[in-house]
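Below you'll find the structure, written out as structure tokens, and then a few comments.
The values are calculated or read from the model by the stated rules, or taken from the named source; none is laboratory data. The model shown is predicted, which means the values in this text are computed figures rather than measured ones. Every residue, glycine among them, receives a Cβ derived from its backbone with ideal geometry; neighbour counts consider all protein chains shown.
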2 protein chains.
Amino acid sequence: MSNPILVEVTRGGVVESRHRGAVAVVDADGRTLLSLGDVDLPVFPRSAVKAFQALPLFESGAAARFGLTDAQIALACSSHNGEQRHVETARAMLAAAGRDEGCLACGPQPPEREADKARLARMQARPGRIHNNCSGKHAGFVCAAVAMGADPAGYNERGHPLMEAVIDAVATMTGAPLAEDLCGTDGCSIPTFAVPLTHLAHGFARFATGTGLAPERAKAAARIRAAVAAEPFMVAGTGRFCTRSMELLGTRAFVKTGAEGVFTAALPERGLGIAVKIDDGAARASEVVTADLLAALLGLGDELAALQRPAIVSRNKEHVGDLRAASALTAAIAGLPTS
Amino acid sequence: MSNPILVEVTRGGVVESRHRGAVAVVDADGRTLLSLGDVDLPVFPRSAVKAFQALPLFESGAAARFGLTDAQIALACSSHNGEQRHVETARAMLAAAGRDEGCLACGPQPPEREADKARLARMQARPGRIHNNCSGKHAGFVCAAVAMGADPAGYNERGHPLMEAVIDAVATMTGAPLAEDLCGTDGCSIPTFAVPLTHLAHGFARFATGTGLAPERAKAAARIRAAVAAEPFMVAGTGRFCTRSMELLGTRAFVKTGAEGVFTAALPERGLGIAVKIDDGAARASEVVTADLLAALLGLGDELAALQRPAIVSRNKEHVGDLRAASALTAAIAGLPTS
């Protein structure tokens, strides 16, 4: 059976493209409020679980020992644009742990935005590992490894105490068994395990509420949520969905994108977690689904309108089409309890 | 009913993402050899019909009058990377018609490749209309307008004699009625009409063979195919599917990508046209489908293997997954007649 069409892409009066996918909205006790499509199929969460992967930063004592700021904590959970502030903040995290970007195991990646690419080129500099969208997460890994008393070398590999702690954090937050046959390698060269959307959403409901978490972990989750709400630029960057939505919503929502069409969110006031996977891997569709869910579950007006229905524009900036929720998504959202 | 899954994206041993779509392979008499999914649904062909849109360049007399070279004709059919040779060639076409890039109606766009972006930045230059991936097509439009004796101003709009000739060329090649409610605006600010895949494939079968075309048009089609086969770099650029496949196949195949997951091909020796649309708009999937069809229909060995099964790599260039044909596509291709 195929997943429903969740998002349509229009041009003129015609639907040009269609995105199918699955959505789970789950509370902290594991009850499913909304389920669309196959929510039991294991999917790679990719960068959508960076907040879980940042928990060892607290549980190792690194955050306290190195006096990490809100901006640095937010960057540890980020998929950032490689803008100047992101890069400087990642460097400062490494310096706090007495290390530098030579320690990073993620590969080099150009900054996301044209302006930042051009700035590097004008400086005769090349994009490096520090510009990788995951460099903040990796800088956090290095900090945590050092705080654990481990040599950071090989921190991205199975068997290294840091990576085992990271894998354990994701496993215990989602409650999903991390089977070897569901393991792949992420774009930044760390292991990633496929987990069902229901488990992913349940993990974010617990991240939102602290329900069922050890007190120290619940405190770490709250600290991460507060840090990202205070520094939403650091978790993504200029123009990005995560940054724009959290600039508008503050502590009301923690949201995070993952590669290949994954999105997650934690809504403390509703005690809910959200997990979205677009079948074909399209970020543009996962964003529309997430914006519509946030608007409905938080009882918003048109605050997120630009994210719920992004315009397709020509290179001359003419408005030529739209992304919009398809009927299956609209109907499912209309059936949600309002509070 | 949903279109079949045509392409899978793997990571480790897991299928991470899935692309659905439709495929039509049609001969010059309009007989369908292969049909997968809904091939009657009108889809925007986008840049996949640039070769049809280049026909007025010949029918206006512009190609002869301005002595257009193979490289210039190939660029007129291109979605190029904005590399230095592409930009210089577009400028030369405009100069041949006594115009310059100020005439171009397409919007500015950065070059595709990091190296070309960096080169511009080091020159303190900004990306312009000439770097737009459609600038060769637009330069061809300007040449044709001038040859028609029309003021090029507004050449991208309905009602301008050049654009009416372009629209008529697409309509007569595909044989599809171009209804007003199926009209949208392309990314480069020209009208685009949605047409069924069967019509699109039939148009490329006629483009491959000349069947049913006026002698002058059949000659123009042959000239375009020869020009692109001689200058495959000009139709796309470094590393691109269209360029790589035609570098390998020469005159045996004319292939062309279009935005939102469209691909077309013309196979003269088989007398066939191919049209592909991926539901979700993903180019990566349309390329795999096209490579598999080319390999089967031309009886190739492993010449296109790297395009049929592209590797997914981490930022450290580790091989972490693959794109591959899904079972519905493999089965349909296995059922094709071999010659």
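Overview of results
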{"read-out": "Qualifying residue in the stretch B:260-277 (condition: polar (S, T, N, Q), in contact (Cβ under 8 Å) with a residue 12 or more places away in the chain, away from every other protein chain (no Cβ under 14 Å) and not in a strand (DSSP E or B))", "value": "no"}
{"read-out": "Residues of the stretch B:104-142 that turn out to be part of a helix (DSSP H, G or I) and either farther than 12 Å from B:LEU94 by Cβ or more than 20 Å from the chain's Cα centre (by Cα) (or both), as a count", "value": "11"}
{"read-out": "The stretch A:124-147 residues that are at the interface with chain B (Cβ under 10 Å from one of its Cβ atoms) and farther than 16 Å from A:SER47 by Cα, paired with ones that are among the hydrophobic types (A, V, I, L, M, F, W, C) and not in a helix (DSSP H, G or I) (beta carbon under 7 Å, 6 or more apart)", "value": "A:ARG129/A:LEU104; A:ARG129/A:CYS106"}
{"read-out": "Residues located in the stretch A:21-47, provided they are surrounded by fewer than 24 Cβ atoms within 10 Å (Cβ to Cβ) and part of a strand (DSSP E or B)", "value": "A:ASP27, A:THR32, A:LEU33, A:LEU34, A:SER35, A:LEU36, A:PRO42"}
{"read-out": "Which listed residue is farther than 23 Å from B:ALA71 by Cβ, surrounded by fewer than 24 Cβ atoms within 10 Å (Cβ to Cβ) and out of contact with any helix residue (DSSP H, G or I) (no Cβ under 7 Å at 6 or more places or on another chain), from B:ASP279, B:ASP302", "value": "B:ASP302"}
{"read-out": "Residue under evaluation A:THR238, criteria (1) more than 14 Å from every other protein chain (Cβ to nearest Cβ); (2) of a type in the set (Ser, Thr, Tyr); (3) touching a residue at least 40 places away in the same chain (Cβ under 8 Å); (4) touching a Gly at 6+ places or on another chain (Cβ under 7 Å), criterion not met", "value": "(4)"}
{"read-out": "The lone exception for A:LEU104 - which of (1) in contact with a helix residue (DSSP H, G or I) (Cβ under 9 Å, 6 or more places away or on another chain); (2) surrounded by fewer than 24 Cβ atoms within 10 Å (Cβ to Cβ); (3) within 11 Å of chain B (Cβ to nearest Cβ); (4) free of Cβ contacts under 8 Å to residues at least 40 places away in the same chain it fails", "value": "(2)"}
{"read-out": "The lone exception for A:PRO177 - which of (1) at pLDDT below 95; (2) within 14 Å of chain B (Cβ to nearest Cβ); (3) in contact with a helix residue (DSSP H, G or I) (Cβ under 9 Å, 6 or more places away or on another chain) it fails", "value": "(2)"}
{"read-out": "Residue list for the stretch A:246-256, filter: surrounded by fewer than 24 Cβ atoms within 10 Å (Cβ to Cβ) and closer than 20 Å to A:ALA306 by Cβ", "value": "A:GLU247, A:LEU248, A:LEU249, A:GLY250, A:ARG252"}
{"read-out": "Cβ pairs under 9 Å, 6+ apart, first in the stretch B:50-77 and at positive phi, second surrounded by 22 or more Cβ atoms within 10 Å (Cβ to Cβ)", "value": "B:GLY61/B:ALA144"}
{"read-out": "Lone qualifier among A:ALA295, A:ALA291, A:ALA332, A:ALA285 - being surrounded by 18 or more Cβ atoms within 10 Å (Cβ to Cβ), part of a helix (DSSP H, G or I) and without any contact (Cβ under 8 Å) to a residue 40 or more places away in the chain", "value": "A:ALA295"}
{"read-out": "Residue within the stretch B:1-23 that is under 23 Å from B:THR243 (Cα atoms), modelled with pLDDT of 95 or more, under 18 Å from the mean Cα position of the chain (by Cα) and among the small types (Gly, Ala, Ser) present", "value": "no"}
{"read-out": "Residue that is farthest from A:ASN156 (Cα to Cα) [pool: residues in the stretch A:171-205 that are in contact (Cβ under 8 Å) with a residue 12 or more places away in the chain and assigned to a strand (DSSP E or B)]", "value": "A:PRO196"}
{"read-out": "Criterion (farther than 30 Å from A:CYS106 by Cα and within 14 Å of another protein chain (Cβ to nearest Cβ)) met by exactly one of B:ALA253, B:ALA328", "value": "B:ALA328"}
{"read-out": "Options B:SER47, B:SER78, B:SER60, B:SER2: the member that is among the polar types (S, T, N, Q) and more than 28 Å from B:CYS134 (Cα to Cα)", "value": "B:SER2"}
{"read-out": "Residues that are of a type outside the set (Gly, Ala, Ser) and within 8 Å of another protein chain (Cβ to nearest Cβ), drawn from the stretch A:11-44", "value": "A:ARG11, A:VAL14, A:GLU16, A:ARG18, A:HIS19, A:ARG20, A:PRO42, A:VAL43, A:PHE44"}
{"read-out": "Scope the stretch A:153-170; condition over 21 Å from the mean Cα position of the chain (by Cα) and part of a helix (DSSP H, G or I); matching residues", "value": "A:PRO161"}
{"read-out": "Selection status of A:GLU8, at the interface with chain B (Cβ under 9 Å from one of its Cβ atoms), among the charged types (D, E, K, R) and in a strand (DSSP E or B)", "value": "no"}
